[in-house]
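Asker: Handing you this structure, nothing more for now.
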Ligand code: SD4
């Protein structure tokens with residue numbers, strides 16, 4: 001009991017430090033509201049008083065984030081909204097690194113990875129899924145309908161069919177053509193911010209202040225058969241704690257996995273760091289130990305329980321989306337290089 005009380009106390013203290021600005025801003029608004037008269041002014045004050053709902057996601061996935069924001073505004077749960085949001089990209093055939101239409105592995109197989117987490121701390125994941133588009137929703141089914149956290153390949157697919165998911169060919173003509181072109185001189189070298197980095201990781205806070213997240217990808221283009229990156233790994237591609245906040249990653253999964261990046265960020269926030277400081281520290285751990293960091297991109301976004309957001313990456317060029325109070329904006333991340 002004593003220990004639990006101590007943890008609760010330190011957690012709250014941590015949030016106090018991390019969220020000072022937001023809390024002050026709200027209080028100022030409250031004090032001012034007595035002198036607000038017009039309807040518009042009242043509306044503006046009302047909006048600025050509500051930190052939630054919020055949706056953030058990696059890269060400039062405007063429509064996906066707007067979808068999540070819309071769902072949250074319609075009082076959907078954080079998890080429902082995150083999954084509805086990322087599905088926009090899973091179904092976008094033009095996105096060659098998420099869902100159907102994703103770039104295949106070296107042998108021409110599109111294999112998808114995804115994971116989800118809910119505010120209760122439950123999680124589900126699927127890896128190497130070759131025939132189902134909505135893998136974040138499938139990961140949710142693993143979480144809710146099985147005693148397990150992760151299912152792989154045929155096992156995940158067979159479970160998916162039993163849950164009503166459709167069997168599909170995920171390789172589009174366009175992705176096939178690009179892969180055939182790549183095979184002519186099959187070099188494996190990621191191009192920073194261009195070729196391999198469009199995983200969608202999303203974090204949502206619903207009207208009740210509860211946090212959920214989803215991360216879904218086809219992984220690195222032309223990866224080795226069977227390769228799985230960070231995106232479906234709880235703690236690497238995604239982690240959240242409803243008392244603290246959450247984080248998601250995009251970029252070179254191998255490097256994120258080595259430092260368990262998303263878990264690290266949440267733990268740093270638990271110890272009092274802002275989301276921004278925590279993202280910077282997680283990137284610093286990678287950069288300081290790895291001389292090859294100039295050759296790959298990694299980006300994190302994070303949010304805390306008060307709705308403060310942070311982001312940091314290795315190379316300039318990473319942006320993320322933030323939906324709050326009906327505004328869906330693209331925000332430039334801080335960077336090392
Ligand atoms: C992976 N992290 O499979 C993913 C790739 C990625 O944007 O983020 N692409 O390693």
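Asker: Give the range 301-337 a look and list any residue that's free of Cβ contacts under 8 Å to residues at least 24 places away in the same chain and outside any strand (DSSP E or B), or say none. Outline the logic, then answer.
Answerer: Taking the range 301-337 as the starting set, the residues that turn out to be free of Cβ contacts under 8 Å to residues at least 24 places away in the same chain are 316, 327, 329, 331-332, 335.
Selection gives 316 alone.
Residue by residue, here is whether (1) surrounded by fewer than 20 Cβ atoms within 10 Å (Cβ to Cβ); (2) within 14 Å of the ligand (Cβ to nearest atom) holds:
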site	(1), (2)
184	yes, no
187	yes, no
226	yes, yes
230	no, yes
254	yes, yes
291	yes, no
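Asker: Here are some residues: 65, 92. Which one is modelled with pLDDT under 95 and either under 18 Å from the mean Cα position of the chain (by Cα) or more than 20 Å from residue 134 (Cβ to Cβ) (or both)?
Answerer: Values: 65 fails: modelled with pLDDT under 95.
Within the list 65, 92, the selection yields 92.
Asker: Next up: In the range 209-220, which residues are out of contact with any strand residue (DSSP E or B) (no Cβ under 9 Å at 6 or more places or on another chain) and near the ligand (Cβ under 9 Å from one of its atoms)?
Answerer: Result: 220, single match.
Asker: Next question, about the same structure. Scan the range 235-252 for residues that are under 19 Å from residue 151 (Cβ atoms) and either more than 14 Å from the ligand (Cβ to nearest atom) or crowded, with 24+ Cβ neighbours inside 10 Å (or both) and jot them down. Show your work before the answer.
Answerer: Of all residues in the range 235-252, those under 19 Å from residue 151 (Cβ atoms) come to 235-238.
236, 237, 238, listed by residue number.
Asker: Name the single residue that is surrounded by the fewest Cβ atoms within 10 Å (Cβ to Cβ) among those in the range 52-90 being assigned to a loop (DSSP other than H, G, I, E, B) and within 16 Å of the ligand (Cβ to nearest atom). I'd like the intermediate steps shown before the answer.
Answerer: If we filter the range 52-90 for residues that are assigned to a loop (DSSP other than H, G, I, E, B), which is where we start, we get 52-53, 59-61, 74-77.
Applying the additional criterion that residues be within 16 Å of the ligand (Cβ to nearest atom) yields 59-61.
Values: 59: 25, 60: 15, 61: 26.
Checking each candidate, the answer is 60.
Asker: Now, a different point. Being surrounded by fewer than 20 Cβ atoms within 10 Å (Cβ to Cβ) and under 25 Å from residue 246 (Cβ atoms) is the filter; apply it to the range 91-137 and report the residue that is nearest to the ligand (Cβ to nearest atom).
Answerer: Applying the filter and picking the extreme gives 92.
The values are calculated or read from the model by the stated rules, or taken from the named source; none is laboratory data. Here the structure is a predicted model, which is why all the values come from computation and not from measurement. Virtual Cβ from ideal backbone geometry, glycine too; neighbours counted across all protein chains shown.
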